[in-house]
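Peer 1: Provided herewith is a single structure, encoded as structure tokens, for subsequent inquiry.
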Amino acid sequence: MNDISFFQIFSLICLAILGGIDPYLSGLQLSKPAISGFLAGIIMGDINTGLLVGATLQLMVLGVGTFGGSSIPDFGTGAIIGTALGVVSGKGIEFAIGISVPVGLLLVQLDILARFCGVYFLHRVDKHIEEENFHKISLEAWLSLVPIALSRAIPVGLCLIFGNEVVNTVLNYAPDWLMGGLKLAGAILPVVGIAILLHYLPIRNFFGFLIIGYILAAYLNIPMMGISFAGLAAAIIHYKKLQDQRLLESKLDTINHIEVVNGEVNDDEI
């Protein structure tokens, strides 16, 4: 069991805050599980765990966005907590992922509460408009980010400050079926994420490439970087094939147009 320092706790809380308000400010994608998990791994001194936890959770939210007033599981914050507790406990990737998923699901409620608090600042903006205090509107916009920041900072701070005691208690008193269930869920979730991703991809049109990728990974044991380069090569070949097809169609259209025009000219001459 490792200890977590005050600097690490403070850094992870700041990372959670930045991830919460980033979609409203810079759009640096700090709220994405892959990014937040990677940065949390750097802070905790275990980049491998951070990347694996973040990438696994990223598969669960590919193609999902918070459009309008909708809220989705906050797996970005979940990746931060899961990475930190996974490194502290020394229980491995499955345990870290098993912690991250329920945390991300529970934080949806805090996200909804933070958005609800934004109504207060909206009414203050309406009041400033009526009083023609337009210079104060910008301030209210910045203050509306405070509930969102707190909705990330408070749970992360509580989990990390009491993390050692909580993890020790869970590890010492939790039944084997619970710990086994968490590890099993952590092992299954990557499969579920990939299945969700495949559901949205045009697999019927590119089924051959899917088989090639499976062979490279399962039978030839090629690292992920090598498979990525193979995918890039296949994408380039497919793109050039589409370009050649469009160029050929363009030439055929031009030839047909010339033939039609010549036919009309011949008819006019006759």
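Peer 1: Name every residue in the range 199-213 that is part of a helix (DSSP H, G or I) and of a type outside the set (Gly, Ala, Ser), in order of residue number. Even if it seems obvious, please write down each step before you answer.
Peer 2: Residues of the range 199-213 part of a helix (DSSP H, G or I): 199-200, 203-213.
Once the filter is applied, which keeps residues that are part of a helix (DSSP H, G or I) and of a type outside the set (Gly, Ala, Ser), the range 199-213 yields His199, Tyr200, Ile203, Arg204, Asn205, Phe206, Phe207, Phe209, Leu210, Ile211, Ile212.
Peer 1: Here's a check for you: in the range 122-170, which residue that is modelled with pLDDT under 85 and not in a helix (DSSP H, G or I) is surrounded by the fewest Cβ atoms within 10 Å (Cβ to Cβ)?
Peer 2: Looking at residues that are modelled with pLDDT under 85 and not in a helix (DSSP H, G or I), I get Glu132.
Peer 1: What's the number of the only condition in (1) at pLDDT 80 or above; (2) assigned to a helix (DSSP H, G or I) that Ile258 fails to meet?
Peer 2: It is condition (1) that Ile258 fails.
The values are calculated or read from the model by the stated rules, or taken from the named source; none is laboratory data. Since the structure is predicted, the reported quantities are computational estimates derived from the model, not experimental observations. A quick note on method: Cβ atoms are made from the backbone with ideal geometry, for glycine too, and the neighbour counts reach across all protein chains shown.
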